[in-house]
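Working notes for the structure below.
The values are calculated or read from the model by the stated rules, or taken from the named source; none is laboratory data. Worth saying up front: this structure is predicted, and the values here are computed from it rather than measured. A quick note on method: Cβ atoms are made from the backbone with ideal geometry, for glycine too, and the neighbour counts reach across all protein chains shown. Note: accessible area is taken over every heavy atom of the protein model, side chains too, but ligands, DNA and RNA are not part of it. Shrake-Rupley method; radii C 1.70, N 1.55, O 1.52, S 1.80 Å.
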Amino acid sequence: AHHVSLAQDWWKPLLRCSRGGAWTSAGGTMTDSGNTPVRTESDVYDRQIRLWGAEAQSKMSSARVLYVHITGVSSEILKNLVLAGVRAAICDGRPYPSTASTTPSSFLPPAERLALNDEKEGYLPPQSTEESDGERPTKKRRSTTMANAMKPYVEELNPLLDECEINETPIEDVPDSYFEKFDIVIASRLGIRQAVRIASATTSSGGKFYLVDTFGLSGCAAIDLGEKHEFRRELGKKLSDVTRLSSYLSMKHMMGLKLANATGRFDKVPPRIWAMYRSLLEYQDETGSFPSSETAADFAEKTMKWLDDCGDAVVGKDFLGSEAELKQLSLLA
């Protein structure tokens, strides 16, 4: 729901890097010359270090987080983690600006993310972060990818971090070994087969996998922390000893679970939000794309058949509503 353009520069008073190595913040300017010392990580991250300690901040700074397919929700996660000092890498070979026009990201100003009438042309991201009368320079050139379009904006967020690594290869052509080197993978707009593949590759090397999407005012996430995930429980103001998950459900088993069986202690029937999300993932897996206004009728037909095939008294073809309601869901996707 956060579609506010960064062109408004709301975050620049918090942290800005100008040319020549000068740091500017609400508290003044720090330069690498003269009597004023250069701002360090301990200066920039002072408040959060006080909250969770220097050791935790050091671990965050050394973490490697990969974002697969940038969307409105994943770019919001990226923004929060980058500002906190966590490096980002982006794997998104989808075309820009056409992709951004259907899955808006608050990082990309409307003037740059609008799809052009001429499919052969597009907008390259700005090559410089210099301001010109408060507006970002925009050049009309050939099309590029979402990863390349996001790169300068991510690097501008927190210049203390290394260069934002990008991978413009289509997701189906990216090998499993690529995902194994990341501590956390946050993905959006994937089909079930790709989600299961990437989750398996990520968790096999000790990483964590998050699949997250929003549709309309709703959103859903499927999380695979790996079989050996360790954590501490909150016991009042204290923490328990390190423990492991008592029961583990991998992404493969999660997506392979029959919808009628997706119940729990507080859910006697499958949660509607999970059924909605599964219907979108199932459609993407079968057709190669998420539903849209152009495919609303096809989505409704395929989803009602998928629900009917679940073959349960609780989950039938009308579980998510009428054909008209399913068409409306395809518009939100």
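Under the simplified labelling scheme, the residue 228-residue 247 pair shows an inter-label distance of 2.4 nm, with each label point 7 Å from Cα along Cα→Cβ. Shown here are the Rg and Dmax of the Cα trace of the range 254-299, at 12.4, 39 Å.
A Förster distance of 30 Å, applied to the separation of the beta-carbon atoms of residue 257 and residue 176, puts the FRET efficiency at 0.85. Computed from phi, the 3J(HN,Hα) profile of the range 84-91 under the Karplus parametrisation 6.51, -1.76, 1.60 (θ = phi - 60°) reads 7, x, 9, 5, 10, 10, 10, 10 Hz, with x in place of Gly and Pro. Of the trypsin sites (Lys or Arg not before Pro) found in the range 181-279, those that fall in a DSSP loop while having at most 16 other beta-carbon atoms within 10 Å are 181, 228, 232, 233, 237, 258, 265, 268.
Amide H contacts of residue 187: 68, 210, 211, 212, each under 5 Å away and 5 or more positions distant or on a separate chain (H built 1.01 Å from N in the peptide plane; Pro and chain starts excluded). For residue 166, the residues whose amide H sits under 5 Å from its own are 90, ignoring neighbours fewer than 5 places away on the same chain, with H placed 1.01 Å from N. For the range 178-233, the normalised intensity computed at q = 0.22, 0.24, 0.26 Å⁻¹ comes to -0.80, -0.91, -1.00 (log10 of I(q)/I(0), Debye sum over alpha carbons, equal scatterers, no solvent). Using a probe of 1.4 Å, the accessible surface attributed to residue 255 totals some 10 Å² when neighbouring protein chains are kept in position. With 5 Å bins beginning at zero, the pair-distance distribution over Cα atoms of the range 188-333 amounts to 2, 9, 17, 19, 18, 14, 9, 6, 4, 2, 0 %.
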